[in-house]
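What follows is a short report on a single structure.
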Ligand SMILES: [Mn+2]
């Protein structure tokens with residue numbers, strides 16, 4: 001990532017917002033993520049902690065941000081700690097941030113070397129009553145080892161300052177990160193724009209007999225060529241029945257003539273993500289069965305997007321998609337019975353087993369609550385969500401006619417809630433049957 005992609009006004013604003021939610025006389029400490037390893041010294045890569053990045057713009061390992069808005073010394077109100085480089089690091093890993101660069105990126109005037117963190121914190125710690133510490137609060141990350149940089153900071157701090165109170169920084173970041181600023185929307189739009197070219201490139205490249213990973217390579221080329229940092233997640237390039245495995249990403253099967261490919265991919269640009277899914281026929285022409293399923297999913301998605309607006313709650317787009325999909329499956333004879341009964345008994349779940357989408361931002365499945373005090377969250381301007389209904393007919397489902405088996409369709413776009421409605425950030429990624437077939441005919 002090139003640092004000039006984001007003006008530091010964004011991070012200054014984010015910190016202001018964060019600090020406004022801190023209780024009086026408290027210190028917040030945010031740490032970076034660890035550099036992760038596979039085997040031996042092979043590095044899996046570095047992904048910054050998103051809360052730290054959100055508040056500082058610093059995309060370097062071994063960084064700590066300390067915020068103490070009520071500090072009586074003005075230059076203790078915000079301190080950024082970065083690691084001091086040396087000749088050895090320079091020769092093996094290249095340049096690291098200087099203090100001046102860190103200030104320019106973050107807008108934080110006081111930058112110190114990491115080795116001075118403990119001493120400098122000591123000066124402030126006994127002035128304050130409470131620490132806010134970062135922690136990944138996703139339910140899937142709670143492991144027995146508890147040994148992330150955040151875990152280590154929590155145990156170090158509690159040992160060193162046992163009589164302070166402790167609060168969760170994530171409770172604040174989860175709330176403020178959910179409402180995107182103009183700068184963030186601009187970055188997410190850029191990510192979505194890169195996905196347009198990536199998808200079109202794949203449509204031009206695909207031919208019967210190609211391997212799924214060859215299509216992945218086309219995606220990768222186009223997004224890196226356009227300044228994206230990386231795929232937002234391991235892309236799903238699922239031909240034929242592979243589309244029925246929701247998180248398939250082996251991507252090594254042959255794309256057969258007559259099959260459809262489901263491609264679920266995201267672009268990470270300046271640490272902000274897009275997340276889109278499209279399906280297309282390997283040979284350029286959808287079969288009648290593929291078309292029938294595709295059109296139901298598209299109708300469901302468009303109907304759901306219509307209610308992804310202020311005045312509706314989080315679950316309404318899902319409910320709308322369930323109705324359209326259940327009716328569609330009824331019309332095709334894939335379900336039978338009464339529409340309302342099928343919905344209330346969730347008969348559609350055999351074919352549509354996931355929900356409508358998720359919040360989108362610096363995390364692909366972004367932070368933010370879906371319910372508040374047990375009630376579905378009302379949609380607000382500047383939230384961004386994905387809308388991604390799907391129908392998947394198992395290749396082994398002998399209760400349906402053979403012609404339907406192994407068809408899997410999902411269509412996904414990134415929807416920004418606006419004051420007057422919504423804006424589909426990924427709207428230029430071709431989506432209708434006619435548009436896709438026309439592009440492939442060239
Ligand atoms: Mn998604």
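The values are calculated or read from the model by the stated rules, or taken from the named source; none is laboratory data. The structure displayed is predicted, hence computed values, not measured ones. All Cβ positions, even for glycine, are placed from backbone atoms using ideal geometry, and neighbour counts span all protein chains on display.
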Pairs, first touching a residue at least 60 places away in the same chain (Cβ under 8 Å) in the range 249-273, second part of a strand (DSSP E or B) and away from the ligand (no atom under 16 Å from the Cβ), C-beta under 6 Å, six or more apart: 260/281; 268/230
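Look through 56, 32 and report the one residue that is in contact with a strand residue (DSSP E or B) (Cβ under 6 Å, 6 or more places away or on another chain) and closer than 22 Å to residue 269 by Cα. Steps first, answer last, please.
Working: 32 fails: in contact with a strand residue (DSSP E or B) (Cβ under 6 Å, 6 or more places away or on another chain).
Result of the check over 56, 32: 56.
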Boolean, residue 250 is more than 15 Å from the ligand (Cβ to nearest atom), assigned by TED's automatic domain parsing to the domain that holds residue 230 and either at pLDDT 95 or above or within 30 Å of residue 188 (Cβ to Cβ) (or both): yes
Given (1) in contact with a strand residue (DSSP E or B) (Cβ under 7 Å, 6 or more places away or on another chain); (2) surrounded by fewer than 23 Cβ atoms within 10 Å (Cβ to Cβ); (3) touching a residue at least 24 places away in the same chain (Cβ under 8 Å), index of the condition residue 425 fails: (2)
Tally of residues being more than 13 Å from residue 191 (Cβ to Cβ) and without any contact (Cβ under 8 Å) to a residue 40 or more places away in the chain across the range 204-223: 8
Hits in the range 161-185 - residues which are without any contact (Cβ under 8 Å) to a residue 12 or more places away in the chain and either surrounded by 17 or more Cβ atoms within 10 Å (Cβ to Cβ) or more than 27 Å from residue 383 (Cα to Cα) (or both): 162, 163
Any hit, the range 388-404, residues being crowded, with 21+ Cβ neighbours inside 10 Å, touching a helix residue (DSSP H, G or I) at 6+ places or on another chain (Cβ under 8 Å) and closer than 14 Å to residue 308 by Cα: yes
Matching residues in the range 33-50 - criterion: being surrounded by 11 or more Cβ atoms within 10 Å (Cβ to Cβ) and either assigned to a loop (DSSP other than H, G, I, E, B) or assigned by TED's automatic domain parsing to the domain that holds residue 233 (or both): 33, 34, 35, 46, 47, 48, 49
Output for the range 1-32, where each listed residue is buried (at least 20 other Cβ atoms within 10 Å of the Cβ) and in a loop (DSSP other than H, G, I, E, B): 6, 32
Tally of residues being in contact with a helix residue (DSSP H, G or I) (Cβ under 6 Å, 6 or more places away or on another chain) and within 16 Å of the ligand (Cβ to nearest atom) across the range 294-306: 2
Within the range 259-293, considering residues that are under 11 Å from residue 407 (Cα atoms) and assigned to a loop (DSSP other than H, G, I, E, B), the one farthest from the ligand (Cβ to nearest atom): 287
For residue 53: the one exception among (1) modelled with pLDDT of 95 or more; (2) part of a loop (DSSP other than H, G, I, E, B); (3) surrounded by 20 or more Cβ atoms within 10 Å (Cβ to Cβ): (2)
Criterion: within 16 Å of the ligand (Cβ to nearest atom) and crowded, with 24+ Cβ neighbours inside 10 Å - qualifying residue of 238, 245, 228: 238
Filter result for residue 345 (away from the ligand (no atom under 16 Å from the Cβ), in contact (Cβ under 8 Å) with a residue 40 or more places away in the chain, on the phi < 0 side of the Ramachandran plot and surrounded by fewer than 16 Cβ atoms within 10 Å (Cβ to Cβ)): no
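Do we find a residue being touching a strand residue (DSSP E or B) at 6+ places or on another chain (Cβ under 8 Å) and part of a loop (DSSP other than H, G, I, E, B) anywhere in the range 329-352? Outline the logic, then answer.
As a first pass, look at the range 329-352 and keep what is touching a strand residue (DSSP E or B) at 6+ places or on another chain (Cβ under 8 Å): 329, 351-352.
Keeping just the survivors that are part of a loop (DSSP other than H, G, I, E, B) gives 351-352.
Looking through the range 329-352, at least one residue is touching a strand residue (DSSP E or B) at 6+ places or on another chain (Cβ under 8 Å) and part of a loop (DSSP other than H, G, I, E, B).
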